[in-house]
Amino acid sequence: MKTAEIFFFRLCTRERKSAYSLTASNNFSSCTPAIEKAWRSRKLSTSTLLRFYSICCKLPSTVAMQAPGTVTAKDMPHGINETTVHEYDSQAKLLQEFSKVPSIDKAWIFKSDSGGSSRAMFSISQMNFVANKKRKLILSSHIVKTNNQSIDFQWSPFPVEMDGVSAIVPSPSGSKLLVVRNKEDESPTQLEIWGSAQLEKAMQIPRSVHGSLFVDGWFEGISWNFEETHIAYVAEEPAPPKPLFDDSGFKGEGSFNKDSGTWNGQGDWEEDWGETYSKKRRPTLFVLQISSGEVQIVKGISKSLSVGQVVWVPSFSSASEKYLVFVGWSSENGPQQTPRKLGIKYCYNRPCALYAVKAPFGGHDNKAVVETKELEDSAGTIILTAGLSSAFFPKYSPDGKHLVFLSARSAVDSGAHWATNSLHRMDWPADGRPDSSAKVSCVVPVVLCPKEGSFPGLYCSHFLPCPWLSDGYTIILSSAWRSTEAMLSINILSGQVSRISPGDTIYSWDVLALDGDDILAVTSSPIDPPQLKYGSYSNHMEQFSWHWLDVSSPVAGCSDKVRSLLSSNHCSILEVPVKNPSETLSEGARRPFEAIFISYSSSESEETCKGNKIDAVCGPVIVIIHGGPHSVSSTTYAKSLAFLSSLGYNLLIVNYRGSLGFGEEALQSLPGNVGSQDVSDVLAALDYVSERGLIDGSRVAVLGGSHGGFLTTHLVGQAPDRFVAAAVRNPVCNLSLMVGTSDIPDWCYIEAYGKEGKELFSEAPSAEYLHDFYSKSPISHLSKVKTPILFLLGAKDLRVPVSNGLQYARALRERGVEIKVIVFPEDVHAIERPQSDFESYLNIGVWFNKYCKLP
């Protein structure tokens, strides 16, 4: 064994022996003291250590271990050898190339005073691995449009980092900017109002008034009024007092004083909204009066409601009464409407409604700290959508005559956590006062079985802050369209839906902002990093169409190496026929589903695969399966998948029946059939590419997270000879275990039994139900599994708790199946913290290379 290798292993295992004792020559002994010193002071990074090892391994083989104390296999870190060290080193450098590319989170466009030009502001994020969080940046640009054939974005020379910023929200005119700084400890939340050149006001909101603002896009609700004098927002209600004790006993309720020998007890347990909302208190509505800095709680909202997505009702007169409209979720959504906060993140099947309430203004009779009885007074709340089981994302038309909103009533009524949405319009009363009897019309209904090539239904996850064209009745949004993301225009009066992004393409499009009647968008594909586009609606010889121009941008630039690697790949969308469809299935469920196929190409593989030869030179494939199950893998660029394809893999990304974007009938065919129909679809897609000679069928790996992990572990059990390696991220392996530990136990019932599961749902499932859950789970096929599996688990996952993956992994190890488990202590279901995400995909790449034997 090489001296450098011994030294490397000593460092990795934190040996405290002198580095000199590990070398019998002076070839590199002069450098080891510095390395050891850096290591001892924890200043030596993993990447530096790997580079040092890589250099040392190039020394002549005559440098041998001659000193006593030979290192045996048990001294080495588990799974580490010279080959894997080099593998980690090379893949880590490559993954960092992909991770450097920033992403555009949001954009805003404001008209310049001079006219004829606009100002754009972009919110950008970039991985900060050292701090283990995303670095947030702001980049500005001046937009000069000369004609429909030319657009000039004049970018600011450098972005500005927004350190410690949780959210930024421009005012309607663009003349002011709200900056929110939530603190991770118990420090006050800071709200800042910025003008064009200076900070105008900074306010510290103590925890006795409210906790952190919700800024995650679900309960998030930060809304400027039209006069830009007040801001409504959603924040955590103040913590209730806790029991106080000292050495003499109970002292009542209050806050402890560490200098007086008192301490607080825990008090009554309070239920939260599950995944990502652990320890978050009830989302509550507040209003900030900017001039005075006074914060007032909005009275009249029942404590049984959690609020979000607040907007101001347009002012029709100088009347003193102002109103707010918000979304309210009842905490009574357990079995038989018992009090229970089921997990809400990603779950559109939670009943919700639109409410209106008077906004607090002016006077000093309504203080920020209010009595509990005031919070419980719900006399002033008006429910606007009593006839719908779901209503969210409220938006007023520019003239204030219409309130539009989305509804997920298909999800609520069926129990599926996401389903096809519908769009609705409420005709707002002429006097501007909320009216529970106001007319509500369905603008875009649920599409059951779309015709080939036609609109498949609405699957929208957000609205722009200002989504309207200048006519005041056309709204622009993004929605899943089969395996792509598309931009749509919807006339809220006629209900006409038009696809405005190019059709018949592999590219996905997402709208970022509107510039009057022009659109700023971003487009990408799995092999094309994001590209900004600027679109104008043109009329040429009575032919109306959208004309798109490329925008030269510093935002989404990637290295020449990344572009070179991606340029050798090809992407296509495959239509896969359903195998042996039953006559009892709906028409939509019998139609072909889709898979995105990314083929890795080299000159050698192209020659062989064009001849339809099933040969190793066609390359191995990774089958990638999305979670949900009611979500979708779109052709949007993803750095993790681009990284895996650059290693030399073909990627087969399967949108099995039950995915979003294909109509409601296909989606609803899956609940009650998980573990069979979805497994069959994945195998059918694999057969489709294998039979056409597009892959090497003897080197197939499979990767999935959440329900995708459920399918991955099902596949290696039901088709044990098809897969040489597998990797799972927080997988569902045992429904009978998950039903008692997850924040969404109802999911287990719905996916196991279908719509009937809504009535069967109980916190105490019977032995019969537990048996059914087990039989539908991957763990029931455990005895057949022989595929090596990598497990990547988040210890703070409340959706699929870590016990699910660990139980399955331990059972495999008991049976002699090779496994590797990595647990990320601070990660939740998504495993998206920068360091965790990086280590996760680095290990996936190394794991698959080990078994697929890539050169």
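Throughout, read-outs are computed from the coordinates displayed, never taken from laboratory work. This is a predicted model, so every value here is computed, not measured. No Cβ is skipped: glycine too gets one built from the backbone with ideal geometry, and neighbour counts run over all protein chains shown.
Here are some notes:
- Charge tally for residue 586 (other residues, Cβ to Cβ under 15 Å; Lys, Arg +1; Asp, Glu -1): +1.
- Taking a ≥ b ≥ c as the square roots of the eigenvalues of the alpha-carbon gyration tensor, region 738-794 is classed prolate because a/c is 1.5 or more and a/b outweighs b/c.
- Ordering of 653-662, 753-762, 575-584 by burial proxy (mean other Cβ atoms within 10 Å per residue, highest first): 653-662, 753-762, 575-584
- Formal net charge of residues neighbouring residue 685 (Cβ-Cβ distance under 13 Å; K, R +1; D, E -1): -2
- Built amide H within the under 5 Å cut-off of residue 655, gap 5+: 594, 595, 596
- Entries in 299/439; 395/533; 201/533 that, when Cα-Cα distance is taken, lie over 30 Å: 201/533
- Listed by chain and number, the aspartates and glutamates whose C-alpha is less than 17 Å from the C-alpha of residue 850, apart from same-chain residues fewer than 8 away, are 82, 87, 89, 696, 818, 839.
- Placing a label point 7 Å from the Cα of residue 184 along the Cα-to-Cβ direction, the residues of region 125-166 whose backbone N falls under 19 Å from that point are 125-137, 161-166.
- Region 770-855: chymotrypsin sites (Phe, Trp or Tyr not before Pro) in DSSP loop, at most 15 other beta carbons within 10 Å: none
- 12 Å beta-carbon shell around residue 455, net charge (K/R +1, D/E -1): +2
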